[in-house]
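Q: Please see the structure below; I have some questions.
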Amino acid sequence: MDTFYISHGSPTLSIDESIPARHFLKAWQEKGYCQRPKAILVISGHWDTAVPSVNVITGLNETIHDFYGFPKDMYKLKYPAPGAPELAKRVKELLMASEFKHVDEDRKRGLDHGAWVPLMLMYPEADIPVCQLSVQSDRDGTYHYKLGKALAPLKEEGVLVMGSGSATHNLRNIGGSSVPSWAMNFDTWLKDALLEGRYEDVNHWDEKAPSAKMAHPWPDHFYPLHVAMGAAGENAKAKNVHHSWDMGTLSYASYQFTAATS
């Protein structure tokens, strides 16, 4: 299995047909980006905890509507995918066998919109078990890359490892008809760094990238990229599978990581 970083942008992705990324995700199965997974692990920018945490859910995941002031119809949307308790325990096992000695289990938390909005478009049947893993936004890119590296065996076990965030994410600077230079410069730097395999630069994005703190004032939506990147293994090849803009500054750039052939 390849690993992926999906930019989920605005929650309106769930209903707004004018957002190009919506059509990219709806065509996911038709385009054959990956084989049908046995289970899905989502690392979402909307679950931020002090230590790595997994949701261990038996039965169906609840749909968390963790957004405010949006059209009422969005709060009626449900994505009742089965929980993936075996995957959650496998994730914990892999992390604790690496350098992550404290991994929490959450037995109540369902799927936040960073998980269910893209999955609702990719796998609308909601019949594949889903588990979530949190980010730790007070840590750095290298930490999250190592988190992903610890999870690399999952891609051999039929698990889709999917980071869900946004390639640029500055909610205080959205709107406008044209893309400002800070957003364009960061987005272009990221694409070039990934496609050229400069993963160490991406790990140190806050020092290397132009307009880094403008593109991500808080890194919670960027770190899922590092996990997906690490989970693909050493010398993985990156591919830009979608690119579009919305609301002036939100990049929907999404990336596929293919493991290096031995």
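Read-outs: derived from the displayed coordinates by stated rules, not from any lab. Treat the numbers as computed from the prediction; the structure is a model and nothing was measured. Note: ideal-geometry Cβ built from the backbone for every residue, glycine included; neighbour counts use all protein chains shown.
Q: Can you bin segment 1-131 into rounded, prolate or oblate? Criterion: square roots of the alpha carbon gyration tensor eigenvalues sorted a ≥ b ≥ c, rounded for a/c under 1.5, prolate for a/b above b/c, oblate for the rest. Please report the intermediate quantities before stating the final value.
A: Values: a/c = 1.85, a/b = 1.43, b/c = 1.29.
Since a/c reaches 1.5 and a/b is larger than b/c, the shape of segment 1-131 is classed as prolate.
Q: Sort the chain into rounded, prolate or oblate with this rule: let a ≥ b ≥ c be the square roots of the eigenvalues of the Cα gyration tensor; rounded if a/c is under 1.5, and if a/c is not under 1.5, prolate when a/b is larger than b/c, oblate otherwise. Mind dumping the intermediate values first?
A: On the way: a/c = 1.42, a/b = 1.09, b/c = 1.30.
It comes out rounded by the Cα gyration axes.
Q: Continuing with this model, one more query. Which whole-angstrom value gives the distance between the alpha carbon centres of segment 28-50 and segment 246-261?
A: Here the answer is 13 Å between Cα centres.
Q: Still on this structure, I have one more. In debye, nearest 20, what is the charge dipole magnitude of segment 1-135 about its Cα centre with +1 on Lys and Arg Cβ and -1 on Asp and Glu Cβ, if you could check? Present the calculation step by step, with values, prior to reporting the outcome.
A: Values: 15 positive and 17 negative charges, 38 e Å.
The dipole magnitude comes to about 180 debye.
Q: Given H placed on each backbone N at 1.01 Å, which residues far from VAL241 in sequence or on other chains put an amide H within less than 5 Å of it?
A: Sorted by chain and number, the residues that satisfy this are SER254, TYR255, GLN256.
Q: While we're on this one: Are there GluC sites (Glu not before Pro) in segment 43-124 that DSSP marks as loop and that have at most 12 other Cβ atoms within 10 Å, and which are they? Could the numbers behind the result be given before it?
A: Numbers: sites: GLU62, GLU86, GLU93, GLU99, GLU105; in loops: GLU62, GLU99.
Here the sparse-neighbourhood loop sites are GLU99.
Q: Once the dipole of the chain is set up with Lys and Arg at +1 and Asp and Glu at -1 on Cβ about the Cα centre, which of THR3, MET247, LEU147 lies farthest towards its positive end?
A: Ranked along the dipole, the leading option is THR3.
Q: How about segment 57-152: which chymotrypsin sites (Phe, Trp or Tyr not before Pro) there lie in a loop by DSSP and see at most 13 other Cβ atoms within 10 Å?
A: TYR68
Q: May I pose another question? Tell me which lysines have Cα within less than 17 Å of LYS31's Cα, excluding those fewer than 8 residues away on the same chain?
A: LYS239
Q: Moving on. Loop-only check: which GluC sites (Glu not before Pro) in segment 155-262 are DSSP coil with at most 13 other Cβ within 10 angstrom? Mind dumping the intermediate values first?
A: Values: sites: GLU156, GLU157, GLU196, GLU200, GLU207, GLU234; in loops: GLU157, GLU196, GLU234.
Passing both the DSSP loop test and the Cβ count: GLU157, GLU196, GLU234.
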